[in-house]
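Scroll down for the structure; my scribbles are underneath it.
The values are calculated or read from the model by the stated rules, or taken from the named source; none is laboratory data. No experiment lies behind these values; they were computed from the predicted model shown. Cβ atoms come from the backbone with ideal geometry, glycine included; neighbour counts cover every protein chain shown. Protein only, heavy atoms only, side chains kept; ligands, DNA and RNA dropped before computing areas. Shrake-Rupley method; radii C 1.70, N 1.55, O 1.52, S 1.80 Å.
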Amino acid sequence: QVELVESGGGLVQAGGSLRVSCVPSGLTFSSYAMGWFRQAPGKEREFVAAISKSGGNLIYANSVKGRFTISRDNAKNTVYLQMNSLKPEDTAVYYCATGGRTVLPTTGSRVNYWGKGTLVTVSS
């Protein structure tokens, strides 16, 4: 049974930084591409960032490019999302996701497994 567990969410002031983490279980982590999505109140879930299984291929949504960094540590079975220069509009529940070994999860249709999410709140 595949499970993705996020952690690290919280309350931060605008301009601040936060790092969220995701630890999957039930799969061979180093063999799977991983991604982050988010869902703000009253809005649809949207893609944030994705990383290939080796970490060599990264994709970002335009809204976070230059501010957020996705990374992974295959030795620790963990994927991270470092968020800098946070804005109030970054407030959302952040979800870890994976869909397969080679296809980066950049859309919901490419995701087979979702975490339960971690809430990030950015105050102005």
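Quick notes
- Share of carbon and sulfur in the accessible heavy-atom surface of the chain [1.4 Å probe, %]: 46
- Spin-label proximity, ASN62 to the range 70-106 - amide N less than 18 Å from point 7 Å beyond Cα toward beta carbon: 89-90, 106
- Alpha-carbon centroids, the range 27-52 and the range 55-124: separation in whole Å: 5
- Backbone N within the range 65-101 under 17 Å of label point (7 Å from VAL2 Cα along the Cβ vector): 77-80, 95-101
- Once the Cα-Cα distance is subtracted from the 0.36 nm per residue extended length, the VAL23 to GLU89 segment shows a gain of 21.2 nm.
- Taking the range 85-124 and dividing mean pair separation by its residue count, relative contact order in percent (alpha carbons under 8 Å, at least six apart): 53
- Computed from label points 7 Å out along Cα-Cβ, the spacing between ALA75 and GLN13 is 3.6 nm.
- Phi-derived couplings, Karplus 6.51 cos²θ - 1.76 cosθ + 1.60 at θ = phi - 60°, listed residue by residue for the range 10-17: x, 9, 9, 7, 4, x, x, 10 Hz, with x used for Gly and Pro.
- Relative contact order (%) - the range 1-101, alpha-carbon pairs under 8 angstrom, separation at least six: 35
- Mean-square fluctuations from a GNM of the chain, with a 10 angstrom spring cutoff on Cα atoms, peak among THR98, THR78, THR28 at THR28.
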